[in-house]
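Report on the following structure.
The values are calculated or read from the model by the stated rules, or taken from the named source; none is laboratory data. Since we're looking at a predicted model, the values are computed, not measured. Cβ placement follows ideal geometry from the backbone for every residue including glycine, while neighbour counts extend to all protein chains displayed. What goes into the accessible areas is simple: the full protein's heavy atoms, side chains included, and nothing from ligands, DNA or RNA. Shrake-Rupley method; radii C 1.70, N 1.55, O 1.52, S 1.80 Å.
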Amino acid sequence: SGIPFWQNLLDQGYKITGIGGSDDHGAGFGSAHPGIPTTMVYAPELSEKSLLEAVKKGNVYLKTKGPDGPSLDWRIELGAESWQMGMNSPKQILQRDQDNAQGLRLLVEVEHEELQTVEIIHNKQILDLDCKADRQSSVAGAVSWSCSVPDVDTGWIRLNLREASTQEITAVTNPIYL
């Protein structure tokens, strides 16, 4: 896995978009499976320009089991403001949050939730947060979680989804930068 190498670069201040790629040298008869991992891109429109801009910004996540793996969307909120993958949260917002003790909220929406657990990572450290599931998701067949995020004022935060039974990673998100 290239995840530890990538996270070390993130810790050094590099803003590198994590993407997946596959390769098959057996014309479909080998052990390789093209399309695994699958890179999912959140772009405002389906055009080359829009897709490339979204990848450059880091508005991307990976499905490690291919296109049929779990789908997700996540963001960090503070009051009426929110940040998605690849975005920078303004330092003055985080300072205001510390002054007012409002608390950042992390919101995650996952399809195929019954098979998944959410792992929240801040600067390579897994956070132990008490996330509340809400079965009234805006997406049919999905579940939303919300968590309070304690004292994270620098670096980055991202998610992994893990299959509940095996703890295998099924999705890897790009970070939100703090």
If I take R0 = 25 Å and measure r between the Cβ atoms of Ala133 and Ile3 in this structure, what FRET efficiency does the formula 1/(1 + (r/R0)^6) give, to the nearest 0.05?
0.45
Linear extension gain, Leu115 paired with Ser50, 0.36 nm per residue minus alpha-carbon span:
20.2 nm
What is the sum of charges, Lys and Arg at +1 and Asp and Glu at -1, for the other residues whose Cβ falls under 10 Å from the Cβ of Ser148?
+1
When all protein chains stay in place, what accessible area (Å², nearest 10, 1.4 Å probe) is found for Met40?
60 Å²
Counted charge near Leu129, where neighbours are those whose Cβ lies closer than 11 Å (Asp, Glu -1; Lys, Arg +1)
-1
Length gained, Gln12-Glu77, 0.36 nm per residue minus C-alpha separation, equals 20.9 nm
